[in-house]
Amino acid sequence: MEIYQSVFIGLWLILVTIVFQAMVMVGAHRAEKGYKVGKINPDLGQESFFFRSYRTFWNSLENIIPFLGMSVVAILTAYSPFKLGVITWIYAISRIVHMLLYYFISTEKNPSPRSYFYGFGLLATLFLTVDLGIYLI
């Protein structure tokens with residue numbers, strides 16, 4: 001397992017990022033005027049930091065499932081540790097930049113700067129999916 005050390009550190013960073021996003025989202029929600037547990041004002045938009053932190057967190061949850069699953073299969077099948085490490089770090093850095101841009105740029109424009117980093121993370125997942133599939137065949 002030592003050969004996957006870089007992968008494990010990258011996966012750890014990805015998961016820590018999601019935990020951080022959850023804490024930011026909870027804090028932003030509690031700071032909202034008229035805060036009620038479990039209730040989100042449907043009128044909120046990009047101008048609301050809570051809205052952006054909520055969307056960032058849920059976007060990360062939606063995207064980690066296939067990446068983490070593919071990573072586990074890759075490790076269990078002895079997929080290239082170097083290749084998996086590079087893919088993992090591209091994904092991790094892309095998700096962190098996506099998060100920061102989502103937190104600090106309030107825009108309805110699409111694509112926005114954060115969209116590009118979402119795309120880099122998605123491409124990393126798609127590359128791993130296809131390359132791992134080829135490796136397994």
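The values are calculated or read from the model by the stated rules, or taken from the named source; none is laboratory data. None of the values given here were measured: they were computed from a predicted structure. Here Cβ is always computed from backbone atoms with ideal geometry, including for glycine, and neighbour counts include all displayed protein chains. What goes into the accessible areas is simple: the full protein's heavy atoms, side chains included, and nothing from ligands, DNA or RNA. Shrake-Rupley method; radii C 1.70, N 1.55, O 1.52, S 1.80 Å.
Just a few scattered comments:
- Among the GluC sites (Glu not before Pro) in region 7-70, those placed in a DSSP loop whose Cβ has at most 15 other Cβ atoms within 10 Å are Glu47.
- Computed log₁₀ I(q)/I(0) - Debye formula, equal Cα scatterers, no solvent, region 22-97, q 0.11, 0.21, 0.22 Å⁻¹: -0.43, -0.91, -0.96
- Helix-only CD estimate at 222 nm, as mean residue ellipticity for the chain, using -39500 (n - 2.57) per DSSP H run (n ≥ 4): -26500 deg cm²/dmol
- When only Cα pairs below 8 angstrom with a gap of at least 6 residues are kept, the chain shows a relative contact order of 31 percent.
- Of the trypsin sites (Lys or Arg not before Pro) found in region 65-137, those in coil by DSSP whose Cβ has at most 12 other Cβ atoms within 10 Å are Lys109.
- Region 1-49: trypsin sites (Lys or Arg not before Pro) falling in loop per DSSP and having at most 12 other Cβ within 10 Å: Lys33
- Rolling a 1.4 Å probe over the protein heavy atoms leaves Ser60 with an accessible area of roughly 10 Å².
- Placing unit charges on each Cβ (+1 for Lys and Arg, -1 for Asp and Glu) gives the chain a dipole about its Cα centre, and among Thr107, Phe20, Pro42 the Cα reaching farthest toward its positive end belongs to Pro42.
- Of (i) 1.05; (ii) 0.97; (iii) 1.02, the label for Rg/Rh (Cα atoms, Kirkwood Rh) derived from the coordinates: (i)
- Rule-of-thumb Rg ratio for region 5-65 [Cα; 2.2 N^0.38 Å; N residues]: 1.30
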